[in-house]
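Below you'll find the structure, written out as structure tokens, and then a few comments.
The values are calculated or read from the model by the stated rules, or taken from the named source; none is laboratory data. Please read these numbers as outputs of a predicted model, since none were measured by experiment. Neighbour counts run over all protein chains shown; Cβ positions are idealised from the backbone, glycine included. Note: accessible area is taken over every heavy atom of the protein model, side chains too, but ligands, DNA and RNA are not part of it. Shrake-Rupley method; radii C 1.70, N 1.55, O 1.52, S 1.80 Å.
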Amino acid sequence: PIETMMNHGTTAVFFDNVRIPAANRIGEEGQGFRYILSGMNAERILIAAECIGDARFFLDRATSYAKERQVFGRPIGQNQGIQFPLAQAHARAHAAKLVVADACRRYESGEVAGAEANMAKMLAAEASWQAGEAAMQTLGGFAFAAEYDIERKFRETRLYQVAPVSTNLILAYIAEHVLGLPKSY
Ligand SMILES: Cc1cc2nc3c(=O)[nH]c(=O)nc-3n(C[C@H](O)[C@H](O)[C@H](O)COP(=O)(O)OP(=O)(O)OC[C@H]3O[C@@H](n4cnc5c(N)ncnc54)[C@H](O)[C@@H]3O)c2cc1C
């Protein structure tokens, strides 16, 4: 087991000299890497959908708090300095959600969905992080209090700019496979 900064049961697994009987083979011989890639696209779409949920969580909690919390005789949510980051995060999350839905539709209909799955994951991860940032600022000191769950979710959602694939590698994929630029790695 590897202890991590967020709620995630992470374990390193090592295989040494393991032989697998042919009867246990999944699918066609020689196609394994294709199957793995297809599964990775599904994982990216799933994670992207999770990030949209994270963004909604942050926005719901932050807008509720902004309506309730009174400073100098009025709710903090009446200030544009509080409203605008939340509104921007909402717009980014909505845009990312449409890309996630497109990736999902393509994958489920059997189309090639590599680019869309990667873009969905990158945009949704960024949207959830931006919503987390806005929520942290909106809740002020209480964002750091464990009982509000904002700091927990903030730690959890940061993972998705690194795993299951880092943003740089998504950009490298788009550059090479969508834009036709030379492979960079
Ligand atoms: C909590 C957690 C759970 C995980 N669960 C799983 C799991 O279930 N299964 C699994 O297989 N893996 C899992 N992983 C691993 C995860 O997929 C990798 O950590 C992730 O893909 C990044 O790879 P890396 O750690 O090897 O980073 P590296 O590849 O070493 O990258 C480190 C940094 O360098 C950048 N970088 C690397 N190469 C380039 C390049 N060519 N150009 C530009 N920048 C580059 C990356 O973007 C990143 O910012 C998990 C990781 C974590 C943290």
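Can you name every residue in the range 3-15 that is closer than 18 Å to T157 by Cα and either among the aromatic types (F, W, Y) or within 8 Å of the ligand (Cβ to nearest atom) (or both)? Once the filter is applied, which keeps residues that are closer than 18 Å to T157 by Cα and either among the aromatic types (F, W, Y) or within 8 Å of the ligand (Cβ to nearest atom) (or both), the range 3-15 yields T4, M6, H8, T10. In this structure, I47 does not satisfy being crowded, with 19+ Cβ neighbours inside 10 Å, in a helix (DSSP H, G or I) and away from the ligand (no atom under 15 Å from the Cβ). Listed here are the helices (runs of 4 or more DSSP H) enclosed by the range 54-168 that have at least 3 residues being more than 16 Å from the ligand (Cβ to nearest atom): 80-108, 114-139. Being surrounded by 13 or more Cβ atoms within 10 Å (Cβ to Cβ), away from the ligand (no atom under 16 Å from the Cβ), part of a helix (DSSP H, G or I) and among the polar types (S, T, N, Q), is that true of even one residue in the range 16-25? No: the range 16-25 contains no residue that is surrounded by 13 or more Cβ atoms within 10 Å (Cβ to Cβ), away from the ligand (no atom under 16 Å from the Cβ), part of a helix (DSSP H, G or I) and among the polar types (S, T, N, Q). Scanning the range 27-72 for residues that are touching a Ser or Thr at 6+ places or on another chain (Cβ under 9 Å) and among the polar types (S, T, N, Q) yields a single hit, T63. Annotation: of all residues in the range 26-44 being loosely packed, with under 10 Cβ neighbours inside 10 Å and among the charged types (D, E, K, R), the one that is farthest from A95 (Cα to Cα) is E29.
Among the residues making up the range 172-185, those that are of a type outside the set (S, T, N, Q), loosely packed, with under 14 Cβ neighbours inside 10 Å and either within 10 Å of the ligand (Cβ to nearest atom) or at pLDDT below 95 (or both) are K183, Y185.
Q83 satisfies every condition listed in (1) open to solvent by 70 Å² or more (accessible area, probe 1.4 Å); (2) within 28 Å of A42 (Cβ to Cβ) except (2).
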